[in-house]
Amino acid sequence: MPTIKRIGVITSGGDCGGLNAVIKGVAREAYALGIESVVIPHGYAGLYNLIKMDEVVFLNAERVSKIEASLAGSEAGHSRVKISKIADPHKYERIKDGLKKFHIDALVISGGDDTGSVVVDLSSQGIPCVHVPKTMDLDLQSYSVGGDSAINRIAVFARELKTTGMSHNRILVIEVFGRYVGHTAFRGGIGAEADAILIPEIPVDFDVLYEHMKITYFARIERSDVKAGTYIIVVAEGIKNVNGEMLYDESIPPDAFGHRKLTGAGKYVRQQLEKRLNTDPAVKEFMQKTGMFAPGVYEAPEVREVTPGHLVRAGHSSARDVNFGYKTGAAAVFLLLDGKTGNTVVNVDGSRIYYQSTAEVIKRREVNVSEIAIFESLGTCFGRKPEKFMYEIIEQKGRIARHL
Ligand code: F6P
């Protein structure tokens with residue numbers, strides 16, 4: 001068993017809900033075991049620069065009590081730095097010297113797939129570290145803090161946008177973060193009872209989306225006594241265009257992990273719908289029938305895109321993320337004491353702490369598309385012809401490891 005007297009806490013990658021609970025979980029558990037904990041600021045940039053720092057912040061009882069677990073973001077700060085890419089041949093020695101300077105024996109590092117890949121790297125360099133899963137994208141093999149908070153915020157934004165959508169009879173396209181997978185768009189969209197949800201895992205057939213929109217939205221307005229209605233589409237930023245390419249900002253170079261800044265999915269969807277609305281003779285007829293038609297001025301319903309951007313991972317953490325962050329932060333201390341470097345805390349279920357090698361946990365998890373058909377049977381459009389829900393009925397035997 002390694003002797004650990006002081007733990008450094010790092011948060012890295014995109015911030016999100018639940019991270020402050022992770023920090024508090026580590027600090028309070030360490031304190032209870034007579035171990036000190038300190039913040040290494042600015043993610044991996046701070047780890048690299050530790051040697052140059054005059055002091056580090058101790059997570060003593062007084063400092064920890066000032067951290068609000070229910071607030072999203074991280075008191076430890078973030079950066080998107082890949083250690084192996086730092087242009088310094090002595091980077092690993094420098095990091096070890098920095099840790100030695102502050103008598104830090106081991107690290108708890110909370111982050112997503114990119115952060116996890118650095119955990120694997122640091123661990124192989126002989127730096128003891130345990131990973132706590134964090135990402136609003138939910139693309140790790142295990143649950144990660146930040147996912148539930150982001151889903152709830154997406155659901156609230158999409159739901160609340162209906163009031164302005166209804167007032168103008170607009171079709172609203174809400175583009176949300178999630179990188180290459182559609183977990184948060186999918187679950188947040190369902191939470192908002194969105195009419196359509198577009199995710200990277202399902203190539204979009206815009207004719208199918210347009211037909212669903214026409215049927216749903218036209219009928220909604222025609223049925224309304226005040227002829228009001230909207231149609232809500234939640235689109236994941238990672239969907240591909242007809243050429244199978246993701247949409248990104250070409251003016252921003254890829255980050256250290258090779259990711260482009262995804263943007264433009266909402267605009268692309270809007271343009272696809274506008275193209276069809278402007279050439280469909282049934283639209284003019286509908287506008288006339290519902291009293292909206294104004295020649296030369298208002299001949300087709302408007303489509304607007306809304307991009308909440310960083311708002312979906314800002315603000316507050318959900319209670320679920322605070323719970324998960326607290327217990328996995330605490331469990332990371334036990335794993336370190338048990339010498340489980342290079343591993344991820346997967347869950348704490350009852351008195352069991354589950355862990356898995358970080359190299360495995362960071363393998364990308366996509367939306368299980370076989371579940372989509374049940375929502376299609378309930379009326380939600382996923383930009384494809386609805387498929388039959390192929391189910392199996394299975395009796396559960398024994399206990400399932402739960403996340404909460
Ligand atoms: O990985 C988390 C995430 O929020 C993605 O969903 C999003 O694409 C990205 O980070 C945005 O990163 P940044 O804040 O660095 O622009």
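Values computed for the structure shown
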quantity: 13 Å beta-carbon shell around residue 154, net charge (K/R +1, D/E -1); calculated: -2
quantity: Cut-off under 5 Å, modelled amide H: who pairs with residue 174 long-range; calculated: 233, 234, 235, 306
quantity: Convex hull of the chain built on C-alpha atoms - directionally averaged projected area, nm²; calculated: 23.1
quantity: Calculated on alpha-carbon atoms, Rg and Dmax of segment 1-151 in Å; calculated: 14.5, 41
quantity: Total formal charge among the other residues, if their Cβ is under 13 angstrom from that of residue 364, Lys/Arg +1 and Asp/Glu -1; calculated: -4
quantity: Loop-located trypsin sites (Lys or Arg not before Pro) in segment 66-103, at most 12 other Cβ atoms within 10 Å (DSSP); calculated: 66
quantity: Alpha-carbon spread of segment 2-60, three principal axes, descending order, Å; calculated: 29, 29, 21
quantity: Stretchable slack from residue 299 to residue 364, in nm (0.36 nm times residue separation minus alpha-carbon distance); calculated: 18.9 nm
quantity: Environment charge at residue 208 (Cβ cut-off 9 Å; Lys +1, Arg +1, Asp -1, Glu -1); calculated: -1
quantity: Square roots of 5 times each gyration tensor eigenvalue, C-alpha, segment 90-170, largest first, Å; calculated: 42, 12, 10
quantity: Rg to Rh quotient for segment 132-246, alpha carbon positions, Kirkwood Rh; calculated: 1.03
quantity: Residue-wise HN-Hα coupling along segment 33-48, computed from phi with Karplus coefficients 6.51, -1.76, 1.60 (Hz; x: Gly, Pro); calculated: 9, x, 10, 8, 9, 9, 8, 9, x, 6, x, 6, 4, x, 5, 5
quantity: For segment 340-403 versus segment 204-283, the gap between their alpha-carbon centres in whole angstrom; calculated: 27
quantity: Cβ charges +1 (Lys, Arg) and -1 (Asp, Glu), total dipole of segment 150-313, debye; calculated: 360
quantity: From phi via Karplus (6.51, -1.76, 1.60), per-residue ³J(HN,Hα) for segment 213-229 in Hz, x at Gly/Pro; calculated: 4, 4, 4, 5, 6, 4, 5, 4, 6, 5, 6, 6, 5, 9, 6, 10, x
quantity: Using θ = phi - 60° and Karplus 6.51 cos²θ - 1.76 cosθ + 1.60, couplings along segment 254-265 (whole Hz; Gly, Pro as x); calculated: x, 7, 4, 9, x, 8, 7, 7, 5, 6, x, 5
quantity: In segment 189-251, the trypsin sites (Lys or Arg not before Pro) that fall in loop regions by DSSP, at most 15 other Cβ within 10 Å; calculated: 227
quantity: Sparse-neighbourhood loop sites, GluC sites (Glu not before Pro) in segment 283-347 - DSSP loop, at most 15 other Cβ within 10 angstrom; calculated: 299, 302
quantity: Cα radius of gyration and Dmax for segment 150-313 (Å); calculated: 16.2, 55
quantity: Entries in 261/340; 101/261; 240/289; 227/275; 261/327; 275/363 that, when Cα-Cα distance is taken, lie over 31 Å; calculated: 261/340; 101/261; 240/289; 261/327; 275/363
quantity: Fluctuation leader among 105, 15, 137 - the chain, Gaussian network, Cα springs under 10 angstrom; calculated: 105
quantity: Exposure proxy order (Cβ contacts within 10 Å, fewest to most) of 363, 261; calculated: 363, 261
quantity: Base-10 log of normalised Debye intensity for segment 247-365 (one unit scatterer per alpha-carbon) at q = 0.10, 0.16, 0.19, 0.23 Å⁻¹; calculated: -0.64, -0.96, -1.09, -1.21
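Every read-out reported here was derived from the displayed coordinates using simple, explicitly stated rules and does not represent laboratory data. Keep in mind that this is a model prediction, so the values were computed, not measured. Because the Cβ atoms are built from the backbone with ideal geometry, glycine has one as well, and the counts that use them run over all protein chains shown.
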